[in-house]
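*Asks:* Got a structure for you, questions after.
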Amino acid sequence: MNLNLERIELREIELPLKYPFETSFGRTTRRRIMIVRVFDRSGAFGYGECTAPEDPFFNHETIDTAWQIIAEYAAPLLSAAHLTSAAEVNEALARIRGNRMAKGGVETAIWDLEARLAGKPLWRHLGGTQTEIASGVSIGLQETTALLLEKVERELAAGYQRIKIKIKPGRDVDLVAAIRERYPQIRLSVDANSAYTLADIDLLKRLDEYNLMMIEQPLTPGDLVDHAKLQREINTPICLDESITMMMDARHAIELGSCRIINIKLGRVGGHTEARRIQDFCQNRGIPTWCGGMLESGVGRAHNIAMSTLAGFTLPGDVSASARYWEEDIIEPPVTVSARGTITPPEGVGIGYEVNEARIESLVTRRQEIKL
Ligand code: OSB
Ligand code: MG
């Protein structure tokens with residue numbers, strides 16, 4: 001089966017979040033989401049979602065920079081490459097430095113297209129083997145500790161296997177202590193989104209008392225050396241998120257001892273090829289990985305589910321039910337989570353969920369077609 005790409009369609013939709021999501025770097029109330037569709041000459045197409053957010057606060061990318069990179073750089077490179085398979089996209093776009101969320105939006109769409117052409121579910125096409133994946137939740141900063149405890153209670157009652165809360169300086173140990181007091185046994189972790197420095201080491205050491213599964217991205221993304229220093233001083237495993245943008249980062253982090261766990265995000269690493277490579281490498285080094293989230297719509301969520309079926313994804317991911325984010329998702333059926341906190345990857349072809357084109361069209365705020 002040979003790919004014969006014809007065009008890329010970019011659409012921006014606006015989707016209000018059910019509840020605002022707050023992290024150490026800011027608050028999001030509505031998502032601007034780029035839905036990518038890649039068509040081949042037979043008329044077949046695949047869907048991807050570009051996970052670049054509204055603002056350059058998580059990393060350097062935004063939906064607007066990603067749009068420009070795809071239209072002006074990724075499309076011409078793809079066109080010149082005369083690809084025959086999805087596995088070649090990563091290499092074809094390698095000349096573009098960084099901008100991995102932009103590249104990932106297109107790369108993942110081509111994987112979906114290829115899986116559809118092969119008549120297979122994407123997760124099987126990628127080589128996934130897990131027929132049930134473990135689901136956790138990421139809970140943003142709340143107005144009060146009481147509200148946070150209410151949210152934790154609700155998510156535990158829904159069956160989620162791991163609770164992660166956002167922390168930032170001034171709102172950290174007290175939040176963890178409050179949750180631990182009420183729930184001494186649950187799998188609990190924290191995510192700092194780079195809000196601390198080594199000067200905060202005494203405070204970070206205090207988190208060791210609470211038996212956390214991990215502390216995610218405590219320090220600045222480029223600083224693998226200080227993460228290694230910190231990991232030597234604390235017992236809580238460090239998990240890297242923002243720091244890991246490609247296979248090389250994972251190798252460096254593991255060699256330096258900068259972390260004991262890695263969060264893999266499909267967009268942040270540029271798509272399925274790089275994500276698969278990283279989880280494979282981590283698995284060989286005994287480093288557990290899990291699938292992170294970027295408040296995706298159903299399209300991105302479906303790709304996250306497919307990726308999570310790979311054998312290296314051994315810890316619960318931030319892949320949770322559509323209904324936690326949206327009044328109505330853009331896929332059908334929406335993603336649901338079982339009472340024991342699991343998601344079953346779908347058996348339909350490609351991403352395996354029906355994409356609700358009518359709903360997407362009703363939400364579109366911008367579009368562009370690019371010939372390949
Ligand atoms: O750091 O994992 C993160 C959301 C936006 C940006 C960064 C992060 C997050 C989350 C939410 O934690 C994960 C999700 O539920 O999609
Ligand atoms: Mg994170």
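The values are calculated or read from the model by the stated rules, or taken from the named source; none is laboratory data. Note that the structure is predicted; figures quoted are calculated from it, not measured. All Cβ positions, even for glycine, are placed from backbone atoms using ideal geometry, and neighbour counts span all protein chains on display. For accessibility, only protein heavy atoms count, side chains too; no ligands or nucleic acids. Shrake-Rupley method; radii C 1.70, N 1.55, O 1.52, S 1.80 Å.
*Asks:* Taking only Cα atoms, what is the 0 to 90° angle, nearest 10, from helix 247-256's long axis to the longest principal axis of the chain?
*Replies:* 20
*Asks:* Taking Rh as the Kirkwood radius computed over C-alpha pairs, what is the Stokes-Einstein D of the chain at 20 °C in a medium of viscosity 1.002 mPa s, expressed in µm² per second?
*Replies:* Here the translational diffusion coefficient equals 104 µm²/s.
*Asks:* Suppose the chain between residue 180 and residue 256 were pulled fully straight at 0.36 nm per residue; how much longer would it get relative to their current alpha carbon spacing?
*Replies:* Length gained between residue 180 and residue 256: 24.2 nm.
*Asks:* Let me make sure I get this right: for the stretch 246-372, a, b and c are the square roots of the gyration tensor eigenvalues over alpha carbons, sorted descending. Under 1.5 in a/c it's rounded, otherwise prolate if a/b > b/c, else oblate. Which is it?
*Replies:* In terms of gyration-tensor shape, prolate.
*Asks:* Charges at C-beta only: +1 for Lys and Arg, -1 for Asp and Glu. How large is the resulting dipole of the stretch 169-326 about its Cα centre, in Debye rounded to 20?
*Replies:* 480
*Asks:* Let me ask something else. How would 88, 354, 332 line up by accessible area, probe 1.4 Å, largest first?
*Replies:* Heavy-atom accessible area, descending, gives 354, 332, 88.
*Asks:* Still on this structure, please answer the following. Does anyone have the angle between helix 145-158 and the longest principal axis of the chain? Alpha-carbon axes, 0 to 90°, nearest 10?
*Replies:* Between helix and principal axis, roughly 60 degrees.
*Asks:* Of 160, 289, 204, which is farthest towards the positive pole of the chain's charge dipole, taken about the Cα centre with +1 and -1 on the beta-carbons of Lys, Arg and Asp, Glu respectively?
*Replies:* 289
*Asks:* Given 37 °C and 0.692 mPa s, how large is the Stokes-Einstein diffusion coefficient of the stretch 190-274 in µm²/s, with Rh as the Kirkwood radius over Cα pairs?
*Replies:* Translational D for this selection: 257 µm²/s.
*Asks:* Report, in degrees rounded to the nearest 10, the 0 to 90 angle that the Cα long axis of helix 173-182 makes with the longest principal axis of the chain.
*Replies:* Computed tilt is about 80 degrees.
*Asks:* Anyone know which of 175, 78, 198 comes out most mobile in the 10 Å Cα GNM of the chain?
*Replies:* Comparing 175, 78, 198 in the GNM, the peak value goes to 198.
*Asks:* For a quick protection proxy, order the peptides 179-187, 303-311 by their average other-Cβ count within 10 Å, most packed first.
*Replies:* With the highest mean Cβ count within 10 Å placed first, the list reads 303-311, 179-187.
*Asks:* To continue, here is another question. Packing-wise, with mean Cβ within 10 Å as the measure, how do 21-32, 206-217 rank, highest first?
*Replies:* With the highest mean Cβ count within 10 Å placed first, the list reads 206-217, 21-32.
*Asks:* Next up: Kindly work out what percent of the DSSP beta bridges joining two residues of the chain are antiparallel, to the nearest 5.
*Replies:* Here the share of antiparallel DSSP bridges comes out near 65 percent.
*Asks:* Ok, one more. Placing unit charges on C-beta atoms (Lys and Arg positive, Asp and Glu negative, everything else neutral), compute the dipole magnitude of the chain about its Cα centre in debye, rounded to 20.
*Replies:* 400
*Asks:* So if I take the centroid of the Cα atoms in the stretch 150-202 and the same for the stretch 301-315, what is the distance between those two points in Å?
*Replies:* 23
*Asks:* Would you work out if the stretch 82-157 is rounded, prolate or oblate? Take a ≥ b ≥ c from the square roots of the eigenvalues of the alpha-carbon gyration tensor; rounded if a/c is under 1.5, else prolate when a/b is larger than b/c, oblate otherwise.
*Replies:* It is oblate, given that a/c is not under 1.5 and a/b is not larger than b/c.
*Asks:* How large are Rg and Dmax for the stretch 129-193 when only the alpha carbon atoms are used, in Å?
*Replies:* Cα only, the stretch 129-193: 12.3, 42 Å (Rg, Dmax).
*Asks:* Quick one: if you stick a label point 7 Å off each Cα along the C-beta vector at residue 82 and residue 233, how many nm between them?
*Replies:* The two pseudo-label positions are separated by 5.7 nm.
*Asks:* For a 28 Å ceiling on Cα separation, which of these pairs sit above it: 120/151; 18/164; 166/229?
*Replies:* 120/151
*Asks:* Semi-axes of the stretch 79-238's equivalent ellipsoid from the Cα gyration tensor, sqrt of 5 times each eigenvalue, largest first, rounded to whole Å?
*Replies:* Rounded to whole Å, the semi-axes are 38, 22, 13.
*Asks:* Give the residue from 323, 310, 351 lying farthest towards the positive end of the charge dipole for the stretch 282-372; charges sit on Cβ (+1 for Lys and Arg, -1 for Asp and Glu) and the dipole is referred to the Cα centre.
*Replies:* So the residue furthest toward the plus end is 310.
*Asks:* As an exercise, identify the trypsin sites (Lys or Arg not before Pro) in the stretch 76-111 lying in DSSP coil whose Cβ has no more than 11 other Cβ atoms within 10 Å.
*Replies:* 95, 97
*Asks:* Also: Run the simple label-point estimate for residue 68 and residue 340 please: 7 Å along Cα→C-beta, distance reported in nm.
*Replies:* 5.0
*Asks:* Could you point to the residue in 74, 238, 360 farthest towards the positive end of the chain's charge dipole, with +1 and -1 charges on the Cβ of Lys/Arg and Asp/Glu respectively?
*Replies:* Of 74, 238, 360, it is 238.
*Asks:* Continuing with this model, one more query. Using a simple charge model, +1 on the beta-carbon of Lys and Arg, -1 on the beta-carbon of Asp and Glu, nothing else, what dipole does the stretch 64-205 show about its Cα centre, in debye to the nearest 20?
*Replies:* Around 220 debye, computed over the stretch 64-205.
*Asks:* Per residue of the chain, what 222 nm ellipticity follows from adding -39500 (n - 2.57) for every DSSP H run with n ≥ 4, rounded to the nearest 500?
*Replies:* After summing the helix terms and dividing by residue count, I get -9500 deg cm²/dmol.
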